[in-house]
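For reference, the structure is listed below as structure tokens.
Read the figures in this text as sums done on the coordinates, not as results from a lab. None of these values were measured; they are calculated from a predicted model. Positions of Cβ are generated from backbone atoms using ideal geometry, with glycine treated the same way; all protein chains shown enter the neighbour counts.
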Amino acid sequence: MENIVDIILDAEQIAILTHTSADGDALGSSFGLAFAMEYLGKNVSVFLEEPIPKSLDFLPGQQFVSEYKGNKFELCICLDTSDMTRLGKRADIYSCAQKTITIDHHTTNTMQADGLWIDQRASATGEMVYNLIKALNIEVTRDIAINLYTAIVTDTGGFRYSNTTPESHIITADLLSKDVPFAEIIKRVFDTVSYSKLLLLRKALQNLTMHFNGKVAVSYLLYDDIKSVDAQTDDFEGLVNVGRNLEGVEVSLFLREETKHIFKGSLRANEYVDVAQLASIFSGGGHKRAAGFSSEDNLQNTIDKVLAEIEKVL
């Protein structure tokens with residue numbers, strides 16, 4: 001922490017990055033930290049790969065989002081990102097910066113940095129950003145609190161996932177004291193469903209199959225299914241849980257065809273399977289109970305290969 005604080009205080013121009021398909025933890029951590037850097041008088045920019053999802057467009061701090069024009073930064077802070085490939089087209093911003101910091105809670109992190117902070121016990125990167133802001137003696141404003149609360153509540157599934165800790169509740173209790181509109185946030189991120197997502201959910205349910213005596217659920221969406229409803233990035237959020245929530249299921253696999261013949265895979269486990277280890281076999285990663293990977297193989301081959309690895313664990 002002392003090393004990271006020193007690196008931040010020495011820099012004037014700071015870029016903040018997070019992973020592609022940014023979720024609540026990624027965006028909340030990025031905007032929360034950006035407000036803190038602005039408080040310190042830093043020139044701060046947040047670079048994103050895609051537009052902000054509709055379910056998260058209430059987050060304050062979107063004025064920090066900038067278009068990359070090839071300029072180099074004194075410091076680049078990478079949040080909630082386990083490897084360089086997840087930075088997409090923005091990887092050069094990180095690799096060309098004079099100094100780098102990576103803050104993450106994924107068990108499979110392979111990033112290199114001048115300041116490297118990996119805490120696998122943290123429920124969300126938002127928790128780590130909260131502790132960093134405290135270490136910098138910066139007041140947690142309402143705008144910061146809204147972002148960090150969203151980061152933690154989304155990555156813990158509303159405090160339902162096994163990664164929730166006493167520290168998660170202690171931190172969010174402090175954040176709630178800043179007049180965070182928690183009921184509105186919960187409604188936006190968990191309870192509001194677009195019509196296009198409803199159609200995708202119906203298709204995913206039609207494609208659902210069960211394996212290994214009901215211990216594994218597999219579902220998928222093909223490229224044409226997705227294009228037919230003009231789906232947005234956040235429309236896929238939570239679809240993997242359809243299988244995981246079924247009684248008796250230990251592992252859920254959800255595949256979506258992002259472009260022709262390229263699939264993004266999501267893995268979720270309930271009690272004992274380490275899906276981060278499974279994902280790493282396919283050059284992916286994540287957490288013990290939530291992980292992801294990509295595949296350029298066809299649908300059936302991808303399913304067969306993943307099922308073969310799951311069967312070994314079961």
- prompt: In segment 178-252, what chymotrypsin sites (Phe, Trp or Tyr not before Pro) fall in a loop by DSSP, with at most 15 other Cβ atoms inside 10 Å?
  reply: PHE212
- line: For LYS134, the lysines lying under 16 Å Cα to Cα, once residues fewer than eight places off in the same chain are dropped, come out as LYS178
- line: If unit charges are put on Cβ atoms (+1 for Lys and Arg, -1 for Asp and Glu) and the dipole of segment 2-190 is taken about its Cα centre, the option from GLY41, GLN13, ALA145 lying farthest towards the positive end turns out to be ALA145
message: Please give the Cα centre distance for segment 266-314 versus segment 90-141, rounded to the nearest Å.
response: 26 Å
message: Show me the trypsin sites (Lys or Arg not before Pro) within segment 128-164 that DSSP assigns to loop and that have at most 16 other Cβ atoms within 10 Å of their Cβ.
response: ARG160
query: What trypsin sites (Lys or Arg not before Pro) in segment 35-128 are in a loop by DSSP, with at most 16 other Cβ atoms within 10 Å of the Cβ?
result: LYS69, LYS72, ARG121
- prompt: How about LYS89: which lysines have a C-alpha closer than 24 Å to its C-alpha, ignoring those fewer than 8 places off in the same chain?
  reply: LYS54, LYS69, LYS72, LYS99, LYS227, LYS260, LYS264
message: Around PRO181, under 11 Å between beta carbons, what's the net of Lys plus Arg minus Asp minus Glu among the other residues?
response: +2
message: If exposed means no more than 11 neighbouring beta carbons inside 10 Å and the site is in a DSSP loop, what's the longest run of the chain without any exposed GluC sites (Glu not before Pro)?
response: 140-246
message: Can you tell me the length gained on complete extension of the stretch GLU139 to ILE281, counting 0.36 nm per residue apart and subtracting the Cα distance?
response: 46.9 nm
statement: Going fewest to most other Cβ atoms within 10 Å around each Cβ, MET210, MET111 line up as MET210, MET111
task: Would you list, by chain and number, the lysines whose Cα falls below 19 Å from the Cα of LYS215, excluding same-chain residues fewer than 8 positions away?
output: LYS288, LYS305, LYS312
